[in-house]
1. Testing Ala337 on (1) open to solvent by 50 Å² or more (accessible area, probe 1.4 Å); (2) under 27 Å from Glu248 (Cα atoms), one condition comes back false. Which one is that?
2. May I ask you to list the residues in segment 216-256 that are open to solvent by 40 Å² or more (accessible area, probe 1.4 Å) and within 16 Å of ligand 2 (Cβ to nearest atom)?
3. Please go through segment 104-115 and give me each residue that is part of a helix (DSSP H, G or I) and more than 15 Å from ligand 2 (Cβ to nearest atom), ordered by number.
4. Pull up segment 287-305, narrow it to residues that are in a helix (DSSP H, G or I) and under 15 Å from Met351 (Cβ atoms), then point me to the one that is farthest from ligand 1 (Cβ to nearest atom).
5. Hey, could you check segment 132-151 for residues that are under 25 Å from Ile100 (Cβ atoms) and in a loop (DSSP other than H, G, I, E, B) and say which is farthest from the chain's Cα centre (by Cα)?
6. Kindly indicate which of Thr55, Thr108 is open to solvent by 10 Å² or more (accessible area, probe 1.4 Å) and more than 16 Å from ligand 1 (Cβ to nearest atom).
7. Mind listing whichever residues of segment 263-284 are more than 17 Å from Val232 (Cβ to Cβ), open to solvent by less than 10 Å² (accessible area, probe 1.4 Å) and assigned to a helix (DSSP H, G or I)?
8. Say whether the condition of being farther than 22 Å from Asp266 by Cβ, assigned to a loop (DSSP other than H, G, I, E, B) and open to solvent by 10 Å² or more (accessible area, probe 1.4 Å) is met by at least one residue in segment 204-211.
Amino acid sequence: MNALRVTGGRVLRPDGRVTESDVTIDRDAGTIAAVGDETVSGERADDADADLPSTADETLDADGGLVIPGLVNAHTHVAMTLLRGYADDKPLDPWLREDIWPAEAELTPNDIEAGAELGVLEMIRSGTTAFADMYFAMDRVADVVDRAGVRARLGHGVVTVGKDDADARADVEESLAVAKELDGAADGRIRTAFMPHSLTTVGEAFLREGVAEAREADIPIHLHANETTDEVDPIVDERGERPIAYAEELGALGADDFFAHGVHLDGSEIDRLADAGTAVVHCPASNMKLASGMAPVQRLRDAGVTVALGTDGAASNNDLDVFDEMRDAAMLGKLAADDASAVPAAAVVEMATAGGADALGLPGGRIEPGAAADLAVVDLDAPHLTPVHDPVSHLAYAARGSDVRHTVCDGEVLMRDREVLTLDADAVRERAAAAANDLVDRVGE
Ligand SMILES: CSC[C@H]1O[C@@H](n2cnc3c(O)ncnc32)[C@H](O)[C@@H]1O
Ligand SMILES: [Zn+2]
């Protein structure tokens, strides 16, 4: 076995326990071979036939650190890092129509690659190993995912409003074609989805055609749903049904599907999501910044809905740090439920790890023998993390992305001692800054 061993740290286990254990990774398989004494076969690591090497080919020092599953950013538009700080302090609809969509109309594939590199760099630095991305020029985003060594579920975002029938149909076909073409790329680290932007920005006929074809090809569906009342009300007015009932009627409410936001959901919609097994990606920072509302996270979890966390794009957040999302989700969840015990620390940590992996249908999210070797080591010896009464509390409420020391995905070390190994950080930053400045110049012309 080509072994990577993460030594000397405390390990967050799937049941919430924290144990002092080394983690042994089988780099060829990209999986966790053992956690302390536990091995894949259930035998003790020190039994001769447990097949664990006594010395590792590579070690990562986790002394003073907490080994956690790699974080999952389950909804973003990663190349929107180029628009970070470009347009703030507006609600969703005018923000998109007046600022974001005109700027995106000027984006080139090269810009999208530069923005994606910057976003993936930011995510690796803050312990995120997997993300879901809805955008354009997804072949360029896939190339970045491949080079950077992370995992992703990628899809071309479809918008048909304002397009003639031929262009709208071509957009749907492009999303399906991209999903088929990119699935399994990057040695299987890339999976895909059909991604209509939302139930209001894609016309009914195109939704029906696209969803039917996605189902036929066994491709999951990802869309923005129930984000604002401005999006929910027209559906109710025009159709006499709520958005999640509409999605169900379209055939878009499946067990492999995951919807972003889910802010304005009534009880019947929560029940439909739970019955269907469709996951919701909660994006608390974006929901607060755009004043979209407070998602019923505790009610969703109580109903058995899988809830994940997403940053949304950097233009509505304005970073891609899932630690921020955990803290925001816990805080906002309490306000939404009017209950300080709602959405506790352990819940948001679960949402950022196993919940995210389950929502996206990607491996990872748990540190246990046999699981994908996707993990991060968080330094616990910083002043703002002292003392450590409860490491899980610190993950949710006090830690920051900059506390991450090492990041590993699929058994490969992506960041060691805060140095990202798979991307040239200075070059990525310079390229993205230049692309963003040129973009803004073009938009202003
Ligand atoms: C068609 S590709 C994705 C599309 O979504 C836009 N977008 C970014 N943030 C949000 C959000 O919070 N709600 C809805 N749409 C959003 C992004 O700018 C792209 O145009
Ligand atoms: Zn979004």
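1. Evaluating Ala337 over (1) open to solvent by 50 Å² or more (accessible area, probe 1.4 Å); (2) under 27 Å from Glu248 (Cα atoms) leaves (1) as the failure.
2. Result: Asp230, single match.
3. Step one: list which residues in segment 104-115 are part of a helix (DSSP H, G or I), which gives 104, 109-115.
Pro109, Asn110, Asp111, Ile112, Glu113, Ala114 - these are the residues of segment 104-115 that are part of a helix (DSSP H, G or I) and more than 15 Å from ligand 2 (Cβ to nearest atom).
4. Start the filter on segment 287-305 by keeping residues that are in a helix (DSSP H, G or I), which leaves 287-289, 297-303.
Restricting the remaining residues to those that are under 15 Å from Met351 (Cβ atoms) gives 287, 297-303.
Details: Asn287: 8, Val297: 17, Gln298: 22, Arg299: 21, Leu300: 18, Arg301: 22, Asp302: 25, Ala303: 24 Å.
So, considering only residues that are in a helix (DSSP H, G or I) and under 15 Å from Met351 (Cβ atoms), the one farthest from ligand 1 (Cβ to nearest atom) is Asp302.
5. Selected residue: Ala137.
6. Working: Thr108 fails: more than 16 Å from ligand 1 (Cβ to nearest atom).
Just a single option satisfies the conditions, and that option is Thr55.
7. Pro284, the sole residue that qualifies.
8. Initial filter on segment 204-211 (farther than 22 Å from Asp266 by Cβ): 205-206, 208-211.
Of the ones still in play, those that are also assigned to a loop (DSSP other than H, G, I, E, B) are none.
For segment 204-211, residues farther than 22 Å from Asp266 by Cβ, assigned to a loop (DSSP other than H, G, I, E, B) and open to solvent by 10 Å² or more (accessible area, probe 1.4 Å): absent.
The values are calculated or read from the model by the stated rules, or taken from the named source; none is laboratory data. All values reported here derive from a predicted model rather than from experimental measurement. Don't worry about glycine lacking a Cβ; one is built from the backbone with ideal geometry, like all the others, and counts go over all protein chains shown. Only protein heavy atoms, including side chains, enter the accessible area calculation; ligands, DNA and RNA are left aside. Shrake-Rupley method; radii C 1.70, N 1.55, O 1.52, S 1.80 Å.
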